[in-house]
Amino acid sequence: MSKFNFPFIKETSELSNLRKEVREFITTCINNDEFTPSPDAWVFSADPSFSKKLGSKGWLGMSFPKEYGGHQRTALERYVVTEELLSSGAPVAAHWIADRQSGSQILRYGNEKQKSSIIPRITAGECFFAIGMSEPDSGSDLASVKTKGTRTKDGWKLEGRKIWSTGAHLAHYMIVLARTSPASEKNRHEGLSQFLVDLSLPNVKITGIPDMTGQRHFNETLFDNVELSDDSLLGEEGKGWKQVVGELALERSGPERFLSHFTLLDSFINEFRNSLIHSGTKIVGKLISEIQTLRRMSFSVASMLQNGESPETQAAFVKELGNKFEKMMIETLREFSNIVPLHEWPNQLQNLFEDATLRIPSNSLRGGTTEIMKGIIARQLGLR
Amino acid sequence: MIEELEIILETTSKILQKHVNHSLRQNIVSENTDILNLWNDIETNGLPKISVKEKFGGYEIPFFSILPLIKIVNNHGTPLPLSETILSNYILSESDINPPNGIVTFASDTKNLQIKDNMISGEILSVPYLNLTKNLLIVHELNNVKKAILIDEINGEIIHKKNFLAEPRYNIKVENLNIAEIRPIKNSIDFNFLGAILRSAQMIGAMEKVLDLSINYCSERKQFGRALSKFQAIQHQISEMAVELSASSAALSTITEIGLGEKNSNDAAILKIRAGFAAGKIIAISHQVHGAIGFTKEYELSYYTKNLNSWRNDFGNESFWEELLGKKFLEKNNKNLWEYLT
């Protein structure tokens with residue numbers, strides 16, 4: 001079990017000061033009506049002008065090197081900033097994927113041209129990304145993707161369909177996982193490659209898919225023989241699987257896995273503090289213990305990333321626990337309606353609650369299902 | 001100190017590997033020479049006084065730093081109250097009482113306790129391993145001052161013996177029993193907090209073992225032509241054990257690293273809630289994946305799960321700490337939740 005340790009990392013006073021600075025900025029934005037806090041904001045709430053503002057504050061691409069416009073700060077500093085943004089429900093969806101995973105992926109595997117043309121724009125909050133993993137026939141079984149990259153005289157031709165592609169309609173690029181040579185019988189993970197695809201290219205067609213809340217963030221992205229330049233390949237040909245697994249560690253371990261509905265919890269407690277003192281201390285204590293443990297673990301993973309480790313399994317732990325916590329939290333709030341009936345809750349709180357109830361099934365699907373997380377953990381335990 | 005601790009951990013593992021086996025656990029009585037031999041080795045290596053001040057002959061390693069030792073002791077399923085002795089001796093030493101040699105157990109609960117003329121009367125409840133020692137620490141509040149009371153010749157009427165859980169536990173009624181030492185306890189020493197942390201560390205050590213037992217059993221046991229571990233339904237259950245355990249371990253290492261002060265006093269509550277909850281899950285799943293063999297006395301799983309059941313109820317169960325934690329926050333009217341958490 002020693003391999004699943006989550007070493008304790010202290011929040012230094014420098015980090016606490018940064019936290020304060022971000023919090024003050026957010027409070028000012030809310031007071032100036034620049035945004036209304038919303039739930040699941042990192043998926044649903046995109047505001048390019050807010051992203052640009054964060055960029056000018058130096059809070060995007062924080063850990064990226066200075067030569068590419070980054071700030072060479074630590075993953076722990078980035079963690080603190082993301083926590084503050086998430087807990088306040090700020091509109092971060094536009095840049096979220098670029099800042100969380102695509103930028104790091106390009107820095108790690110990209111060529112000089114890719115780095116120098118894209119990273120400074122991500123850092124400025126002007127360049128957004130969508131994820132190009134799932135397909136109509138490939139979800140949990142990611143290695144079965146059928147999107148195909150074929151070599152041409154001057155580059156590559158991309159053909160296939162990606163689905164879900166959250167935010168693709170607002171994004172400038174997508175990192176696409178595609179098959180560039182047939183899978184070998186022994187290892188299906190061979191022959192996959194990642195491409196950095198400009199979504200404004202001809203023959204890229206993005207169609208919205210309304211989700212069950214009626215909102216659009218999902219898309220289907222069609223690549224109908226898209227001509228790609230030679231340097232569109234990201235990283236090494238045939239090494240796409242290894243690259244994508246590293247990308248998923250960035251995707252799964254962050255505080256968005258347990259703070260997506262924090263604004264709901266916060267409003268709930270502010271509204272019902274007096275009733276909770278009499279009949280809800282236990283539920284509040286339970287929620288506090290869960291959040292603090294998750295923060296503690298997620299912060300520890302940030303430090304592993306900072307140290308250049310590959311905490312794929314630890315990321316799966318955080319995601320699995322975080323997903324469970326969010327479901328439990330909404331269920332706990334629902335049970336409280338036994339004390340104050342739901343129809344007596346203020347309208348805004350009712351809306352937040354119903355909205356969360358509606359959205360919560362997606363939390364244990366996006367970024368890898370519960371079943372996949374448990375499978376990853378089982379493999380590390382030597383069961384597979 | 002870190003190096004010193006590492007050597008101690010290594011030595012301890014060796015001692016326990018040498019002595020502890022499942023048959024030892026079936027016969028926890030003072031006449032058992034194997035039990036005596038184990039204790040002698042433990043004592044020769046100074047383990048009972050690891051957190052005792054040097055002036056009393058201890059190693060003076062802070063109590064929070066030795067939690068990894070508590071984990072190891074209980075990972076081996078050691079059928080002796082070494083964990084209780086370490087905490088008791090620490091509290092005695094911090095209260096400027098020279099801890100006695102040998103096993104020292106403690107009482108977390110009492111009824112109608114009266115102290116007069118340096119003598120004590122009343123009921124002392126749920127005392128672990130009282131059959132192995134005459135030394136008992138009682139923490140009791142007297143005229144609004146918390147006192148450490150050491151009895152070195154415990155004697156009285158056993159009014160209840162609980163033995164369906166793995167460790168022996170006794171309720172004892174005493175009358176005009178001599179007190180060996182009585183002194184006020186420092187404010188910084190909260191027996192309930194320390195006890196909750198101790199039990200959590202014990203649970204985590206035991207849960208690690210239960211996870212290992214489950215993985216090993218499911219990898220060896222074949223049904224329907226393949227190992228149980230190849231069934232996805234089994235894999236997912238065992239993954240869940242690992243997830244719960246890792247959350248508890250994370251909560252424990254916070255305290256191991258920074259101790260427990262006024263600023264992070266919530267961490268003890270968080271740890272006990274997390275470990276108690278995990279224990280519930282892990283007890284249920286480990287028995288489920290083991291099938292009937294896990295339900296036998298002969299197989300060691302039940303030794304661990306019985307203790308887990310016992311420890312998760314000691315020093316406040318999850319509800320107790322959840323209420324405490326929730327109340328503490330809710331009564332701070334000026335703070336919203338996020339500010340409070342950070």
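Quick one: the Cα spread of the protein assembly as shown along its three principal axes, in angstroms, biggest first?
Per principal axis, max minus min of the Cα coordinates gives 94, 61, 48 Å.
On full extension of the chain, what length is gained from B:Asn313 through B:Lys173, given 0.36 nm per residue of separation minus the C-alpha to C-alpha distance?
Numbers: separation 140, 0.36 × 140 = 50.40 nm, distance 2.22 nm.
Length gained between B:Asn313 and B:Lys173: 48.2 nm.
Shielding by partners for B:248-255, please: the mean number of other protein chain Cβ atoms within 10 Å of each residue's Cβ.
Details: counts 1, 6, 17, 7, 1, 6, 8, 1.
Neighbouring Cβ atoms belonging to other protein chains average 6 per residue here.
Would you tally the net charge around B:Asp152, using a Cβ to Cβ cut-off of less than 15 Å, leaving B:Asp152 out, and scoring K and R as +1, D and E as -1? Please list the in-between numbers first.
On the way: positive: B:Lys134, B:Arg183; negative: B:Glu153, B:Glu181.
Neighbour charge sum, excluding B:Asp152 itself: 0.
Can you tell me the dipole magnitude for segment B:171-250 around its Cα centre, using point charges on the Cβ only (Lys, Arg +1; Asp, Glu -1), in Debye to the nearest 20?
Dipole about the Cα centre, nearest 20: 240 debye.
To two decimal places, what compactness ratio does segment A:110-172 give when its Cα radius of gyration is scaled by 2.2 N^0.38 Å?
On the way: Rg = 14.2 Å, N = 63, 2.2 N^0.38 = 10.6 Å.
Its radius of gyration relative to the 2.2 N^0.38 Å reference: 1.34.
For A:291-300, what's the mean count of beta carbons from other chains sitting within 10 Å of each residue's beta carbon?
Numbers: counts 4, 13, 11, 2, 2, 7, 5, 1, 1, 3.
Mean inter-chain Cβ contacts per residue within 10 Å come to 5.
Could you identify which residue out of A:Glu335, A:Glu185, A:Glu126 has the top mean-square fluctuation in a GNM of chain A using Cα springs shorter than 10 Å?
Of the options given, A:Glu185 has the highest mean-square fluctuation.
Would you mind checking the radius of gyration and Dmax of chain B based on alpha-carbon positions, in Å?
20.6, 72
Which whole-number percent is the relative contact order of chain B (Cα, under 8 Å, 6+ apart)? Intermediate results must be reported in sequence, preceding the final value.
Numbers: 554 pairs, mean separation 51.1, N = 342.
15 percent.
Starting from segment A:247-313, pick out the GluC sites (Glu not before Pro) whose DSSP state is loop and whose Cβ has at most 16 other Cβ atoms within 10 Å.
On the way: sites: A:Glu247, A:Glu251, A:Glu256, A:Glu271, A:Glu290, A:Glu309, A:Glu312; in loops: A:Glu309.
Qualifying residues, ordered by number: A:Glu309.
Would you mind checking the radius of gyration and Dmax of segment B:191-341 based on alpha-carbon positions, in Å?
Using the Cα atoms of segment B:191-341, the pair Rg, Dmax is 17.7, 63 Å.
Counting DSSP beta bridges in the protein assembly as shown, what percent are antiparallel, to the nearest 5?
Beta bridges within the protein assembly as shown, antiparallel portion: roughly 85 percent.
I want to check the label-to-label distance for A:Glu271 and B:Asp96. Put each point 7 Å from Cα in the C-beta direction and report it in nm to one decimal.
My value for the distance between the label points is 5.6 nm.
For segment A:111-145 and segment A:349-384, what is the separation of their Cα centres, given in Å?
The distance from the Cα centre of segment A:111-145 to that of segment A:349-384 comes to 22 Å.
Given the rule -39500 (n - 2.57) for each run of at least 4 DSSP H residues, summed and divided by the residues of the protein assembly as shown, what is its mean residue ellipticity at 222 nm, to the nearest 500 deg cm²/dmol? Don't skip to the end; give the middle numbers.
Numbers: 23 runs with 339 residues, N = 726.
Helix contribution divided over all residues of the protein assembly as shown: -15000 deg cm²/dmol.
What does the charge add up to near A:Asp355, with Lys and Arg as +1, Asp and Glu as -1, over the other residues with Cβ less than 14 Å from its Cβ?
On the way: positive: A:Arg334, A:Arg359; negative: A:Asp40, A:Asp211, A:Glu326, A:Glu354.
Once all neighbours under 14 Å are counted, the net charge is -2.
Once you treat every alpha carbon in segment A:131-239 as an equal point and sum by Debye, what is log10 I(q)/I(0) at q = 0.24 Å⁻¹?
Normalising to I(0) and taking log10 leaves -1.35.
Taking 25 Å as R0, compute the FRET efficiency from the Cβ-Cβ separation of B:Glu339 and A:Thr36 and round it to 0.05.
About 0.80, to the nearest 0.05.
Considering the Cα positions of chain A, please state its Rg to one decimal place and its Dmax as a whole number of Å.
Taking only Cα atoms of chain A, I get Rg and Dmax of 21.0, 74 Å.
Projecting each Cα onto the charge dipole of segment A:253-380 (Lys/Arg +1, Asp/Glu -1 at the beta carbon, about the Cα centre), which of A:Ile291, A:Gly280, A:Asn307 comes out farthest on the positive side?
The Cα lying farthest towards the positive end belongs to A:Asn307.
What Kirkwood hydrodynamic radius do you get for segment A:210-278 when you take the inverse of the mean 1/r over all pairs of distinct Cα atoms, in Å? List each step's numbers first, then the result.
On the way: mean 1/r = 0.0577 Å⁻¹.
Averaging 1/r across every pair of different Cα atoms and inverting gives 17.3 Å.
Figure the gain on full extension for A:His278 and A:Glu354 (residue separation times 0.36 nm, minus the Cα-Cα span) and round it to one decimal in nm.
Numbers: separation 76, 0.36 × 76 = 27.36 nm, distance 2.48 nm.
Full extension of this stretch gives 24.9 nm more.
How far apart, in nm, are two points set 7 Å out from the Cα along the Cα-to-Cβ line at B:Lys263 and at A:Ser16?
0.5 nm
How big is the gap, in Å, between the Cα center of segment A:70-99 and the Cα center of segment A:215-251?
The distance from the Cα centre of segment A:70-99 to that of segment A:215-251 comes to 22 Å.
Treat each spin label as a single point 7 Å out from the Cα along the C-beta direction, and report the B:Lys162 to B:Asn143 distance in nm.
According to this spin-label approximation, the distance is 3.3 nm.
If you take the alpha carbon radius of gyration of segment A:253-380 and divide it by 2.2 N^0.38 Å, what ratio comes out, to two decimals? If you can, show how the numbers build up before the last one.
Numbers: Rg = 16.2 Å, N = 128, 2.2 N^0.38 = 13.9 Å.
Normalised by 2.2 N^0.38 Å, the Cα Rg of segment A:253-380 equals 1.16.
Among DSSP beta bridges whose residues both lie in segment B:1-153, state the antiparallel percentage, nearest 5.
75 percent
Using Cα pairs closer than 8 Å and at least 6 residues apart in sequence, work out the relative contact order for chain A, in percent.
Details: 660 pairs, mean separation 61.5, N = 384.
16 percent.
For segment B:75-145 and segment B:176-206, what is the separation of their Cα centres, given in Å?
8 Å
Among B:Ser319, B:Ser88, B:Ser253, determine the one that fluctuates most according to a GNM of chain B built with springs between C-alpha atoms less than 10 Å apart.
Maximum among the listed residues: B:Ser319.
Could you work out which residue, out of A:Leu201, A:Leu60, A:Leu233, moves most in a Gaussian network model of chain A, that is, has the largest mean-square fluctuation with Cα springs under 10 Å?
Residue with maximal mean-square fluctuation among A:Leu201, A:Leu60, A:Leu233: A:Leu201.
Rounded to the nearest 0.05, what FRET efficiency do A:Glu67 and A:Glu335 give with R0 = 60 Å and r taken as the Cβ-Cβ distance? Could you check?
Values: r = 53 Å, r/R0 = 0.89.
Efficiency, from the Cβ-Cβ distance: 0.65.
I'm checking a number: the convex hull volume of the Cα atoms of segment A:167-208, normalised per residue, in Å³. What is it?
Numbers: hull volume 3.9 nm³, N = 42.
Cα-based convex hull of segment A:167-208, divided per residue, equals 92 Å³.
Between B:Asn118 and B:Asn27, 0.36 nm times their residue separation minus their Cα-Cα distance comes to what? Before the final figure, lay out each step's value.
Working: separation 91, 0.36 × 91 = 32.76 nm, distance 3.57 nm.
Here the segment from B:Asn118 to B:Asn27 would lengthen by 29.2 nm.
What number comes out for the charge environment of A:Leu248, summing +1 per Lys or Arg and -1 per Asp or Glu over other residues with Cβ under 10 Å away?
On the way: positive: A:Arg252, A:Lys319; negative: A:Glu247, A:Glu251, A:Glu312.
In short, -1.
Take every residue in peptide B:233-242, count the Cβ atoms of other chains within 10 Å of its Cβ, and give the average of those counts.
Values: counts 0, 2, 9, 8, 2, 5, 15, 6, 2, 11.
The shielding value for this peptide is 6.
Per residue, what volume in Å³ does the Cα convex hull of segment A:2-127 take up?
Numbers: hull volume 14.6 nm³, N = 126.
It is 116 Å³ per residue.
Applying 1/(1 + (r/R0)^6) with R0 = 25 Å to the Cβ-Cβ distance of A:Thr213 and A:Met328, what FRET efficiency is obtained, to the nearest 0.05? Walk me through the numbers before you get to the answer.
Values: r = 21 Å, r/R0 = 0.84.
Approximately 0.75, to the nearest 0.05.
For segment B:2-184, what Kirkwood radius comes out of the mean inverse Cα-Cα distance, in Å? Don't jump to the answer; show the numbers that get you there.
Working: mean 1/r = 0.0591 Å⁻¹.
Kirkwood hydrodynamic radius for segment B:2-184: 16.9 Å.
By count of other Cβ within 10 Å, fewest leading, how are B:His22, A:His172, A:His343 ordered?
Details: B:His22 14, A:His172 18, A:His343 7.
Starting with the residue having the fewest Cβ neighbours, the order is A:His343, B:His22, A:His172.
Read-outs throughout are calculated quantities, based only on the coordinates presented, and are distinct from any laboratory measurement. Computed from a predicted model, the values in this text were never measured in an experiment. Note: ideal-geometry Cβ built from the backbone for every residue, glycine included; neighbour counts use all protein chains shown.
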